[in-house]
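Heads up: the structure comes next, in structure tokens.
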Amino acid sequence: MQSETAGAISGITRSDTTIDTTIVEGLYFKAITVAQAIITLTPFLIARLKSMDITELTQRYACGERDFTGVNLAGADLSNLNLSGANFAEAFLASVNLSRTVLNGANLYGACLYSADLTYAKLEKANLVSADLTKARLVGAQLVRATLRGARLSGAILKGVNLRQADLSHVNLCGANLSGINLRGANLAEANLNWANLEGARLSGADLSGTSLNSITLCHAYMNGVDLSDADLEGVNFSGAKLSGANFKRANLAVANLSHTYLRVGTLSHANLRAANLSYASLLKADLHEANLSKSDLIAANLSDADLRSANLNGAKLYEANLTNANLQNAYLWAAKLDRANCQGTNLEGAKLQGASVVETNLKAALYDRDTRFPSGVEVSSPYTEACLVYA
């Protein structure tokens, strides 16, 4: 195959100069791509490959044959065909055109799909375990409930792919552009998503246990109910993400961007949110007890009915935050900025507010006790009962 391709190119380049250089360049780069894929195969596998042309493949498929294990179809145009249920295990399909091809339920275990075009292909419930999809184009492909465990996807284009309930465990997606893709209910356990772009991606119900998420982008992603407990998410961008009911228990979210996020009824107990940006975030009824929120930005955040017992809010910015009926028992608020915050009905029993700023803070019906420590210069009325604070 290599000699034929090289000969074709050689013949073209020796002909007169009137030949379209675009065609020459196209054939050259296609040959290089196939050659790159070939050198990744061992001599043993190359020897096992069975060459087949498109006509033979379609005729045998039409006669009911489905087993095409180890077939060599490199560079073939198989677009718009229906090959559902076909067995292409360990087949050599480098640079194959499979755009809009139906491969539902197909077996592509260990297949080489290097630089293949799978644009808008249908691969529902397909087996792609250990397949090589390096530099493959999967724009708009349907991979619902497909199995891609251990597949290679380095450099693959995955824009608009539907991977709902797909198995992507142990897959390397480092640096991949996954913006806007559907990963609802997908299994991403132990996958590598470092530096990946998941902006606007749908991840609700996905399994992210043990997933590497360093420097990942998740702004405007849909992640309601995801479990990211104990995850290292330092500096991750979640801005505008939907995270209602998400579990971040004991997670490291230091300096993370959670501005404008929806974290209603979320679990962030014992989480490290030091210097995190939570401005304008919705944390209604969120569990933040014993969380580290020191020096965090909670400007205009909604923390009504939130559980902040024993939380560390030292130096936090809570300007205009809504803390209505929040529980701040034994919380640390040293030097916190609570100016114009709404603390109506907030439980401040045992809270430490030394050095805090409470200019125009609404503390009507706030609860406190003898262990509550208020800023100097602040006088409280009706000790140990519902009260509001007034400057002396």
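Taken together, the values in this text are just the output of simple stated rules run on the coordinates, not laboratory data. None of the values given here were measured: they were computed from a predicted structure. When we count neighbours, we look across all protein chains shown, and the Cβ atoms used for this are built from the backbone with ideal geometry, even at glycine.
Ignoring aspartates and glutamates fewer than eight residues from residue 242 along the same chain, the ones with Cα atoms less than 13 angstrom from its Cα are 199. Of all lysines in the structure, those lying under 18 Å Cα to Cα from residue 135, and not within fewer than 8 positions of it along the same chain, are 30, 159.
Rounded is the label for segment 246-368, because a/c, from the alpha-carbon gyration tensor with a ≥ b ≥ c as root eigenvalues, stays below 1.5.
Computed across segment 165-276, the Kirkwood hydrodynamic radius from all distinct Cα-Cα pairs reaches 13.3 Å.
Using a Förster distance of 30 angstrom, determine the FRET efficiency expected from the C-beta separation of residue 100 and residue 255, and round it to 0.05.
Numbers: r = 45 Å, r/R0 = 1.49.
Computed FRET efficiency for residue 100 and residue 255 comes out at 0.10.
Under a 5 Å amide H cut-off, with hydrogens placed 1.01 Å from N, residue 72 pairs with 50, 51, 52, 92 among residues at least 5 apart or on other chains.
Could you tell me the calculated FRET efficiency between residue 190 and residue 378, based on Cβ-Cβ distance and R0 = 56 angstrom, to the nearest 0.05? Numbers along the way, then the final one.
On the way: r = 52 Å, r/R0 = 0.93.
Computed FRET efficiency for residue 190 and residue 378: 0.60.
Given charges of +1 on the Cβ of Lys and Arg and -1 on the Cβ of Asp and Glu, with all other atoms neutral, how large is the dipole of segment 139-224 about its Cα centre, in debye to the nearest 20?
Charge dipole, segment 139-224, about its Cα centre: 220 debye, nearest 20.
Placing dummy labels 7 Å off each Cα toward the beta-carbon, the span from residue 340 to residue 365 is 2.3 nm. Placing dummy labels 7 Å off each Cα toward the beta-carbon, the span from residue 177 to residue 159 is 0.5 nm.
Once the piece of chain linking residue 56 and residue 227 is laid out straight, how much longer is it, given 0.36 nm per residue of separation minus the C-alpha distance between them? Don't skip to the answer; put the middle values down first.
Details: separation 171, 0.36 × 171 = 61.56 nm, distance 4.91 nm.
Gain on stretching residue 56 to residue 227: 56.6 nm.
Which shape class, rounded, prolate or oblate, goes with segment 196-239 when its Cα gyration tensor gives a ≥ b ≥ c as root eigenvalues, a/c under 1.5 marks rounded, and past that a/b bigger than b/c marks prolate? Oblate, since a/c reaches 1.5 and b/c is not below a/b.
Write out the GluC sites (Glu not before Pro) in segment 312-369 meeting two conditions: DSSP loop, and at most 12 other Cβ atoms within 10 Å of their Cβ. Walk me through the numbers on the way to the answer.
On the way: sites: 320, 349, 360; in loops: 320, 349, 360.
Taking segment 312-369 and a limit of 12 other Cβ atoms within 10 Å, the loop GluC sites (Glu not before Pro) found are 360.
Just so you know, the Rg over Rh for segment 97-241 is 0.95, from Cα atoms, with Rh as the Kirkwood radius. Under 18 Å Cα-Cα from residue 317, which lysines qualify once same-chain neighbours fewer than 8 residues away are excluded? Hits, sequence-local ones excluded: 295, 337, 352. With a Förster radius of 25 Å applied to the beta-carbon distance between residue 139 and residue 69, the computed FRET efficiency rounds to 0.35.
Could you work out the equivalent-ellipsoid semi-axes for segment 265-333, taking the square root of 5 times each eigenvalue of the Cα gyration tensor, largest first, in whole Å?
Values: eigenvalues 38, 38, 24 Å².
After diagonalising the Cα gyration tensor, the semi-axes are 14, 14, 11 Å.
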